[in-house]
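Below is one structure, written out as structure tokens, with a few remarks after it.
The values are calculated or read from the model by the stated rules, or taken from the named source; none is laboratory data. Here the structure is a predicted model, which is why all the values come from computation and not from measurement. Heads up, the Cβs are rebuilt from the backbone with ideal geometry, glycines too, and the neighbour counts pull from every protein chain shown.
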């Protein structure tokens, strides 16, 4: 079976070699990259623009952005036919290709986030590794911990007042540089699609900008959602502990979710959502008004074949409803959670409608292709290019975050 | 006191250096910018040879002529002269060494490629003598009656 | 005795070897720097005369055997399309299994395993259009390859490096003609390369040789005496989808506006 044949249904006249080659993993890829960029922008709002209310979530967002950063290229690696050759992108990059440039930008961005994290947690690394160094008979676990943290200090043990001041300055500069790079990173993901002239739906210079806006929406939404969930879990943990062991801190002593954080973050979410929807509608209106050769088939795809995905799931449930939820005064945590989940789903559907929608019609402009996502896998290919692969990719950053949170204490401030 | 600020940068430079060392070992020496410039000519020159050395399988009727000249001159006098031997007899490759015997396509479908009548007024297809495969001795191999080397209807093999 | 050409060659090689530590810089060198002096002025071009094609599909069969594309795979380096225009204005088109078995039935494949029967009286016009890779002068597939695994040779043919291709599918997406696909066995990007192993030996491509009606021709269009070049220069030819600026080098005679 040819790659792509198993999940493609053809209708009317389609070229013989055409299949849906870019499937669910290529939907996940810009989605995950968007989350990376969005989470970073959120953290920078505090570090660069000094929005004090976001101090707590900024630290959290940065670590989460780092976890997402590792998950973002996995969809591409899973999707390509020769995963072990993915190194070729770095060895012989072809800079006229958006994917190759993406590799370089991705690496630079990773370096910026890692450096920023290092400056932020340098003090913590020193504080952990020094007492371990003194300790005489270390257990194996302590040895491992010692080696990891010693490596992480990069040989710097100076935590004087003066050097910490320098760290803060470096963080500010890195966060400042990071914003354009994060936008560039995700803009490139948009460029990968927007520059494909063969595809009538993808080719628009607005694509990178739309991608950046919706990326920030999704990044903020996921950070806020995870923040709420993590805080709730902590609350429950403390509750259970204090019931069993009365001497442990009581629920009242633990800092809970700050409503102000949610409200302010939601404000930014709304702002970027507005930008995203404006640009998307502009694109749609423009296509309809100019109505060039391919509009006939695009119209049938947008208003007929993909109507549910575009107008109900993406614009209706994914944009309009969260918009109303956050706009109506008296925001509660429960309402916020619903709004955030819907906003995330909306951005995911936007990626879906670009990637799958762009392949829903043939290059002949007189035929259609339908993507039947493999749900129950019967081999590796149908797993990775199906529901299982997508879900695994979505879970991955949370697992990574759990690991990273052990090295970078996210909620250290309230102790 | 040296500033610690540049430490992460050293790590980055180290990684880039490592990548360049790996590149030196892994990337073929013939990989580079070639005649068509960077946009269209960024590749491993040695790969051109891979494509040049692909085995030629279809050798054309000229190749058949030396041994099977009789058959060839026979068919050259018929409307089937335009058809290459290998279209039905299969690619010669290194025949008679390899393969010793060619697998001839004598199927009904092979003849129907041209002789299934399609009512296309503006196409040469409708000018070729054709039949309706559903009605014309359905299921019987064409070569039972017709000789592809002497396709004239005057030289039918079996019963009319 | 060292000739000037050898001198240039060796010094180029020397530069290339010493440049290895500076490979990062090499990437940024201006493109023309390594341009060799003696490019043979070959430019392969293809001519399809759609008026001669009868849709027998011999070309597709020959191509698949010559280029080792499994016959049962539903992809092909070359294919033949059928266009049937009805009196009510509808345009039906298909290319069942890339026409590897030709067109035997007059019913048109409509996808989802359905066929539409067409009556003789309803047909206004009908014709066949063979298609293959256009070996564009500005190939968008080469532009987007992230690793330099697909490239344009000096004689204008676009090839794929099977040992370097990562299989991302970006080139497949970038081709406006649907000429590219994944090889069912090698799993790398695959496409027609004008039978590069044949044309470089002075042979015709497998499809040109197999066509009984002369609907396909290949030649060096830079050669003033070449038949294909002459027809392209002197007759009224067209190309497919020229609005993309790809400058396709497969020329067509007798193309109709319905063809896409």
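Structure values in brief
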item	result
Selection count, region A:15-52, where residues are assigned to a loop (DSSP other than H, G, I, E, B), more than 7 Å from chain C (Cβ to nearest Cβ) and buried (at least 23 other Cβ atoms within 10 Å of the Cβ)	3
Among (1) crowded, with 17+ Cβ neighbours inside 10 Å; (2) more than 30 Å from residue A:215 (Cβ to Cβ); (3) within 30 Å of the chain's Cα centre (by Cα) - the single one residue A:151 does not satisfy	(1)
Residues of region A:1-13 that turn out to be in contact (Cβ under 8 Å) with a residue 40 or more places away in the chain, facing another protein chain (nearest Cβ under 7 Å) and either outside any strand (DSSP E or B) or surrounded by fewer than 18 Cβ atoms within 10 Å (Cβ to Cβ) (or both), as a count	4
Selection from region A:176-226 of residues that are within 14 Å of another protein chain (Cβ to nearest Cβ) and either within 30 Å of residue B:7 (Cβ to Cβ) or within 16 Å of the chain's Cα centre (by Cα) (or both)	A:177, A:178, A:181, A:188, A:189
Given (1) over 23 Å from the mean Cα position of the chain (by Cα); (2) on the phi < 0 side of the Ramachandran plot, index of the condition residue A:270 fails	(1)
Positions within region C:174-203 being buried (at least 23 other Cβ atoms within 10 Å of the Cβ), more than 7 Å from chain A (Cβ to nearest Cβ) and more than 26 Å from residue C:221 (Cα to Cα), in sequence order	C:183, C:189
Scope region C:71-104; condition under 18 Å from residue C:184 (Cα atoms), surrounded by fewer than 22 Cβ atoms within 10 Å (Cβ to Cβ) and more than 9 Å from every other protein chain (Cβ to nearest Cβ); matching residues	C:71, C:72
Condition broken by residue B:4, with the remaining ones in (1) surrounded by fewer than 16 Cβ atoms within 10 Å (Cβ to Cβ); (2) under 30 Å from residue A:169 (Cβ atoms) satisfied	(1)
Count - residues of region C:204-236 that are in contact with a helix residue (DSSP H, G or I) (Cβ under 9 Å, 6 or more places away or on another chain), surrounded by 18 or more Cβ atoms within 10 Å (Cβ to Cβ) and closer than 26 Å to residue C:142 by Cα	11
Qualifying positions in region B:82-136 - under 18 Å from residue C:215 (Cβ atoms) and exposed (fewer than 15 other Cβ atoms within 10 Å of the Cβ)	B:82, B:127
Within region B:1-44, tally of residues that are within 30 Å of residue C:141 (Cα to Cα), more than 7 Å from chain C (Cβ to nearest Cβ) and more than 37 Å from the chain's Cα centre (by Cα)	4
Residue satisfying all of: in region A:84-135; within 14 Å of chain B (Cβ to nearest Cβ) and in a loop (DSSP other than H, G, I, E, B); farthest from the chain's Cα centre (by Cα) among these	A:92
Failed criterion for residue B:79 (all others in (1) without any contact (Cβ under 8 Å) to a residue 24 or more places away in the chain; (2) within 25 Å of the chain's Cα centre (by Cα); (3) loosely packed, with under 15 Cβ neighbours inside 10 Å hold)	(1)
Failed item, numbered, when residue B:126 is tested on (1) farther than 15 Å from residue C:104 by Cα; (2) over 24 Å from the mean Cα position of the chain (by Cα); (3) facing chain C (nearest Cβ under 10 Å); (4) outside any loop (DSSP other than H, G, I, E, B)	(1)
Region C:110-133 - residue that is touching a residue at least 12 places away in the same chain (Cβ under 8 Å) and away from chain B (no Cβ under 14 Å) and, of those, farthest from the chain's Cα centre (by Cα)	C:116
Test for residue C:171: is it crowded, with 23+ Cβ neighbours inside 10 Å, touching a strand residue (DSSP E or B) at 6+ places or on another chain (Cβ under 7 Å), at pLDDT 95 or above and within 14 Å of chain A (Cβ to nearest Cβ)	yes
